[in-house]
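The values are calculated or read from the model by the stated rules, or taken from the named source; none is laboratory data. Because the structure is predicted, anything quoted here is derived from the model rather than measured. Neighbour counts are summed over all protein chains in view; Cβ atoms, including those assigned to glycine, are modelled from backbone coordinates with ideal geometry. Side chains are part of the model used for accessible areas, which takes the heavy atoms of the whole protein and leaves out ligands, DNA and RNA. Shrake-Rupley method; radii C 1.70, N 1.55, O 1.52, S 1.80 Å.
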Amino acid sequence: MKVVIIGAGVAGLGIGWRLLQAGAQVTILDRGLPAQGASWAAAGMLALIAELQEAPAAERELALQSSDLWPGFAAELEQASGLGIGLVQGGALLLSDDAARLDALDGRGQVVDAAGAQALAPMLAAGVTCGLWVADEARVDNRALGDALTTAFLKAGGTLLTQEAAVTIESHSGATSVMTPYARHYADAVVIAAGAWSGLLGDIPIAPVKGEMIALAPPDGEDLPGPVIWGNGVYLVPRETDGERRLLVGASMEEKGFDTRLSPEVQDRLRASAEAVIPTLKNWTLTDHWAGLRPKSPDGLPLLGVLRDNIFVAGGQFRNGILLAPVIADAMAGLVLGKNKINPAFDPRRFG
Ligand SMILES: Cc1cc2nc3c(=O)[nH]c(=O)nc-3n(C[C@H](O)[C@H](O)[C@H](O)COP(=O)(O)OP(=O)(O)OC[C@H]3O[C@@H](n4cnc5c(N)ncnc54)[C@H](O)[C@@H]3O)c2cc1C
């Protein structure tokens, strides 16, 4: 079977890797370089509680499945690519002044008082009153994940055509092809995994939601916090890559089309919000500021399934596309090969 995938983010690369392992012939087209879209811009949290506690049951179930797949997926990917992806089960601490709300979220975590929160993250501001400690929440280095998926895809025999944008998908007399400025690529199946840009390829209700983030580096002698910390409208994600230590602070949420310009006001707001959580961040150095586009559907749930005939969509993961990468890879590869179905709650045609 010959499959063309549009988009080399974690979704397209993961699906392509799984399809190659099942014996398909796979070409991925990307209008830029691989894994430089939202998959690069993300914070890498596998945030089951903070992001998904209040999500519809179908999405929570998908996220739980993916979370269960993550350790095996990471080990297999590291082995196949020869690259580390920094999966860390460092826990997450959700700060709040509202103990009742934390009690309601208490399914997988443990409510801690001010002293308990300080014990988990001693650098917290003195005014913290309580938090929810979720010991088994994990995070991954999403940029390393993108590199590893690209390498694993290529090592498994995939074809990756970069800087070649899909312009249209055409079906004539039973033959489906993807047109780019350079060629027509015929396929038995086409998977649209073009992230926030998927809607530009047809009647696919996915819109971009801009997110800006910053990174702060500690002065010599100061440690990164151990867990991910959520509080005061921001999240703080410790990241160590090749000895370089950074605290990622995110993220803004704005519907501004495809505009990814950086805003000094957002930068200041993220920094000030983070400093209110950990006052010593005032002494840390701002090392980076970036933006990405989350792919969002009208109901906020992913779009996973058949669009029409032999054309499939894997998108709309919104704030959780890194968390969902393993389950989307398995489920979409299985669907394309006719081996499994996907929960109709994610049907791309559900909006009529
Ligand atoms: C600031 C921010 C923080 C986030 N934090 C987290 C987090 O902590 N945890 C989490 O789980 N998720 C997080 N997310 C969400 C996550 O990043 C996305 O849901 C996920 O990366 C989407 O993956 P994707 O492969 O579908 O899209 P992308 O990574 O955007 O990849 C799409 C690819 O398609 C290509 N493309 C587009 N149009 C075409 C075309 N016409 N032809 C060819 N190629 C095309 C693009 O160049 C791109 O490479 C965050 C997102 C942002 C922006």
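Per residue, how big is the convex hull of the range 1-139 when only Cα atoms are used? Give it in Å³. Working shown, then result.
Numbers: hull volume 20.3 nm³, N = 139.
Roughly 146 Å³ of hull volume per residue.
What accessible surface, in Å², does a 1.4 Å probe find on V111, ignoring ligands, DNA and RNA and rounding to the nearest 10?
Result for V111: roughly 50 Å² accessible.
So what's the range 160-217 giving for Cα Rg divided by 2.2 N^0.38 Å, two decimals? Working shown, then result.
On the way: Rg = 15.3 Å, N = 58, 2.2 N^0.38 = 10.3 Å.
Normalised Cα radius of gyration, the range 160-217: 1.49.
Of the options M332, F312, V237, report the single residue whose Cα projects farthest towards the positive end of the charge dipole of the chain (beta-carbon charges: Lys, Arg +1; Asp, Glu -1).
The one lying farthest along the dipole's positive direction is F312.
Taking the full set of protein chains and a 1.4 angstrom probe, give the accessible area of F318 in square angstrom, rounded to the nearest 10.
Estimated to the nearest 10 Å², F318 gives 40 Å².
I want to check the label-to-label distance for M123 and N283. Put each point 7 Å from Cα in the C-beta direction and report it in nm to one decimal.
1.0
Compute for the range 112-222: radius of gyration divided by Kirkwood radius, i.e. Rg/Rh, restricted to C-alpha atoms, rounded to two decimals.
Working: Rg = 23.1 Å, Rh = 19.5 Å.
Taking Rh as the inverse mean 1/r over Cα pairs, Rg/Rh reads 1.19.
About the Cα centre of the range 1-65, how large is the charge dipole given +1 on each Lys and Arg Cβ and -1 on each Asp and Glu Cβ? Please answer in debye to the nearest 20.
Values: 4 positive and 5 negative charges, 72 e Å.
Roughly 340 debye, rounded to the nearest 20.
Would you list the membrane-span-like helices of the chain, meaning whole DSSP H runs whose alpha-carbon atoms span at least 15 Å along their axis and whose mean Kyte-Doolittle value is at least -0.5? Write out the running numbers ahead of the final one.
Values: long enough: 10-21 (16 Å, 0.98); 57-81 (34 Å, -0.22); 142-155 (19 Å, 0.17); 264-277 (20 Å, -0.56); 325-336 (16 Å, 1.69).
The answer, listed by residue number, is 10-21, 57-81, 142-155, 325-336.
Ranked by accessible surface with a 1.4 Å probe, highest first, in what order do D141, D268, D136, D259 come? Don't skip to the end; give the middle numbers.
Numbers: D141 15, D268 95, D136 70, D259 40 Å².
Output order, biggest surface exposure first: D268, D136, D259, D141.
Might you tell me the accessible area per residue for the chain, computed with a 1.4 Å probe and given in Å²?
41
In what order, largest first, do Y235, Y186 sit by accessible area if the probe radius is 1.4 Å?
Numbers: Y235 20, Y186 120 Å².
Output order, biggest surface exposure first: Y186, Y235.
Using Cα centres only, tell me the gap between the range 289-308 and the range 16-54 in whole Å.
Between the Cα centre of the range 289-308 and that of the range 16-54, the gap is 12 Å.
Helix-only mean residue ellipticity at 222 nm, the chain, DSSP H runs n ≥ 4 weighted -39,500 (n - 2.57), per residue, nearest 500. What is it? Before the final figure, lay out the partial values.
Numbers: 9 runs with 99 residues, N = 352.
One gets -8500 deg cm²/dmol as the mean residue ellipticity at 222 nm.
Solvent-accessible area of R308, probe 1.4 Å, all protein chains present, reported in Å² to the nearest ten, please.
110
Compute the semi-axes of the equivalent ellipsoid of the range 27-107, taking the square root of 5 times each eigenvalue of the Cα gyration tensor, and list them largest first in whole Å. Walk me through the numbers before you get to the answer.
Working: eigenvalues 178, 49, 39 Å².
The equivalent ellipsoid of the range 27-107 has semi-axes of 30, 16, 14 Å.
Positive end of the dipole of the chain, charges at C-beta (+1 Lys, Arg; -1 Asp, Glu), about the Cα centre: which of L13, S39, C130 has its Cα farthest in that direction?
Positive-most Cα among the choices belongs to L13.
Counting Lys and Arg as +1 and Asp and Glu as -1, each charge on the Cβ, what is the dipole of the range 195-285 about the Cα centre in debye, to the nearest 20? Spell out each step's value before the answer.
Numbers: 9 positive and 14 negative charges, 25 e Å.
Dipole about the Cα centre, nearest 20: 120 debye.
Where does each of 143-153, 319-329, 26-36, 125-135 land if you order them by average Cβ count within 10 Å, highest first? Intermediate values should be presented prior to the final figure.
Details: 143-153: 23.7, 319-329: 25.8, 26-36: 21.1, 125-135: 18.4.
Result, highest mean first: 319-329, 143-153, 26-36, 125-135.
Between the range 59-111 and the range 235-258, what is the C-alpha centre distance in whole Å?
First find each Cα centre; the distance between them is then 17 Å.
Given N343, Y186, V266, which one lies farthest toward the positive end of the charge dipole of the chain, if we put +1 on the Cβ of every Lys and Arg and -1 on the Cβ of every Asp and Glu?
Most positive-ward Cα: Y186.
Could you give the size of the charge dipole of the chain about its Cα centre, using +1 on the Cβ of each K and R and -1 on the Cβ of each D and E, expressed in debye and rounded to the nearest 20? It would help to have the intermediate numbers written out before the result.
Values: 27 positive and 39 negative charges, 202 e Å.
The calculated dipole for the chain is roughly 980 debye.
Quick check: with the 1.4 Å probe, what order do K210, K256, K341 take by accessible area, largest first?
Working: K210 5, K256 100, K341 185 Å².
In descending accessible area the options line up as K341, K256, K210.
Please provide three numbers in whole Å: the alpha-carbon extents of the chain along the principal axes, with the largest listed first.
That works out to 69, 39, 37 Å along the principal axes.
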